[in-house]
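Down below is the structure, laid out as structure tokens.
The values are calculated or read from the model by the stated rules, or taken from the named source; none is laboratory data. Worth saying up front: this structure is predicted, and the values here are computed from it rather than measured. Here the Cβ is made from the backbone with ideal geometry for all residues, glycine too, and neighbour counts use every protein chain on show.
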Amino acid sequence: MEIKKIGVIGAGQMGNGIAHVCALSGYDVKLNDVSLERIESGLATINGNLSRQVKSNRISEAERDTALGRIQIAQSLEEFEDIDLVVETAAEDEAIKRQIFDDVCKVLRPEALLGSNTSSLSITRLAAATDRPEQFIGIHFMNPVPVMELVELIRGIATSEETFEAVQTCVATMGKSIAVAEDFPAFIVNRILLPMINEAIYTLYEGVGSVKAIDKAMKLGANHPMGPLELADFIGLDTCLSIMQVLYEGLADSKYRPCPLLVKYVEAGWLGRKTQRGFYDYRGEEPVPTR
């Protein structure tokens with residue numbers, strides 16, 4: 001099927017980025033979240049990010065205005081009755097995602113496709129909880145979505161070739177490069193990236209180096225653009241912990257055991273940039289290490 005209208009569930013960091021890219025690529029978008037306030041906050045972020053693209057001459061003012069005009073507020077999933085493709089971007093919690101898909105399937109047209117932006121959960125298991133597993137696929141955008149080029153596409157065991165081809169074509173028109181991953185815990189990027197971050201946290205936990213030393217070592221010693229602890233704060237420590245738990249439980253290998261220090265930070269509510277404290281404290285003019 002041809003995809004023209006995309007419904008994005010979740011207006012947070014990932015959701016507003018996906019809505020931004022879809023609208024800029026010519027798709028009509030409906031943006032949904034649990035409250036109007038969250039949707040409006042997401043739209044404000046989209047407007048700001050599009051304006052930055054205008055200032056850097058990546059797009060024109062007319063393109064920004066046209067993209068903003070393609071995004072509609074959907075306060076209820078009932079407004080998704082004409083959507084061709086749904087992209088869910090809720091928290092990395094399987095129960096929450098399953099409930100969202102159960103709710104949205106009741107209003108979608110029979111031929112509509114379902115996509116999850118999950119970064120680690122089983123596509124096969126999520127699809128099995130819907131009324132259309134053949135039309136379900138993993139569409140894992142990277143953060144920040146308007147900047148990062150890669151999208152992982154993950155087929156569940158039931159995903160049809162027609163669904164895969166339709167979504168592959170859609171993502172390609174957004175100017176993204178596609179990596180096809182098998183449906184194993186955390187797929188490709190996070191299967192490699194998150195254990196590295198977890199090991200960096202163990203390095204801190206065991207006193208091998210300070211926050212600054214660890215990040216400096218990886219930036220200058222491995223030429224990474226961002227240190228692993230700084231990156232963990234950017235991703236969100238709760239998300240990092242969720243992915244490590246999926247890897248640990250899904251693959252039953254002790255090398256994926258989440259570092260106790262990561263668990264402690266999440267228990268403290270120090271989740272990184274979004275809460276102003278993580279491995280760095282962001283409440284001042286410059287980030288300050290918390291250990």
Exercise for the section: Provide a single number: the residues in region 77-97 that are surrounded by 17 or more Cβ atoms within 10 Å (Cβ to Cβ) and either outside the structural domain of GLU161 (by TED's automatic domain parsing) or more than 18 Å from THR239 (Cβ to Cβ) (or both). Expected result: 6
Handout entry: Residues satisfying the stated conditions in region 250-273, i.e. farther than 18 Å from TYR202 by Cα and touching a residue at least 40 places away in the same chain (Cβ under 8 Å)
Key = GLY250, LEU251, ARG273
Exercise for the section: Confirm whether THR124 is of a type in the set (Ser, Thr, Tyr) and part of a loop (DSSP other than H, G, I, E, B). Expected result: no
Completion exercise
Of those in region 276-288 that are buried (at least 16 other Cβ atoms within 10 Å of the Cβ) and not aromatic (Phe, Trp, Tyr), the residue farthest from ALA91 (Cα to Cα) is PRO287
Exercise for the section: Evaluate region 259-271: report whether one residue or more is in a helix (DSSP H, G or I) and of a type in the set (Ser, Thr, Tyr). Expected result: yes
Practice task
Residues being over 15 Å from SER116 (Cα atoms) and out of contact with any helix residue (DSSP H, G or I) (no Cβ under 7 Å at 6 or more places or on another chain): count how many of those fall in region 153-165.
Solution key: 3
Practice task
Taking the residues in region 126-155 that are of a type outside the set (A, V, I, L, M) and farther than 22 Å from LEU194 by Cα as candidates, determine which candidate is nearest to the chain's Cα centre (by Cα).
Solution key: PHE136
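Residues are listed down the side, and each one gets a yes or a no for (1) basic (Lys, Arg); (2) modelled with pLDDT under 95; (3) surrounded by 22 or more Cβ atoms within 10 Å (Cβ to Cβ); (4) closer than 28 Å to PRO146 by Cβ:
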{"position": "PHE187", "(1), (2), (3), (4)": "no, no, yes, yes"}
{"position": "ILE192", "(1), (2), (3), (4)": "no, no, no, yes"}
{"position": "ILE201", "(1), (2), (3), (4)": "no, no, yes, no"}
{"position": "VAL263", "(1), (2), (3), (4)": "no, no, no, no"}
Handout entry: region 135-169, residues that are assigned to a loop (DSSP other than H, G, I, E, B), touching a His at 6+ places or on another chain (Cβ under 8 Å) and surrounded by 22 or more Cβ atoms within 10 Å (Cβ to Cβ)
Key = VAL145
Handout entry: Any hit, region 170-178, residues being within 29 Å of ILE6 (Cα to Cα), touching a residue at least 24 places away in the same chain (Cβ under 8 Å), in contact with a Ser or Thr (Cβ under 7 Å, 6 or more places away or on another chain) and charged (D, E, K, R)
Key = no
Exercise for the section: May I ask you to verify whether VAL86 is touching a helix residue (DSSP H, G or I) at 6+ places or on another chain (Cβ under 8 Å) and among the β-branched types (Val, Ile, Thr)? Expected result: yes
Exercise for the section: Return only the number of the condition from (1) small (Gly, Ala, Ser); (2) buried (at least 19 other Cβ atoms within 10 Å of the Cβ); (3) touching a helix residue (DSSP H, G or I) at 6+ places or on another chain (Cβ under 7 Å) that SER242 does not satisfy. Expected result: (3)
Handout entry: Residue check, VAL29 in contact (Cβ under 8 Å) with a residue 60 or more places away in the chain and buried (at least 16 other Cβ atoms within 10 Å of the Cβ)
Key = no
Completion exercise
When every residue in region 13-26 that is at pLDDT 95 or above and out of contact with any strand residue (DSSP E or B) (no Cβ under 6 Å at 6 or more places or on another chain) is compared, the one surrounded by the fewest Cβ atoms within 10 Å (Cβ to Cβ) is GLY26
Exercise for the section: Might you let me know whether region 170-177 holds any residue that is farther than 17 Å from THR118 by Cα, assigned by TED's automatic domain parsing to the domain that holds GLU111 and buried (at least 22 other Cβ atoms within 10 Å of the Cβ)? Expected result: yes
Practice task
Taking the residues in region 32-46 that are among the polar types (S, T, N, Q) and surrounded by fewer than 21 Cβ atoms within 10 Å (Cβ to Cβ) as candidates, determine which candidate is nearest to ILE139 (Cα to Cα).
Solution key: THR45
Handout entry: Pairs where the first residue, in region 99-124, is not assigned by TED's automatic domain parsing to the domain that holds ALA74 and the second is of a type outside the set (S, T, N, Q) and crowded, with 24+ Cβ neighbours inside 10 Å, C-beta under 6 Å, 6+ apart
Key = none
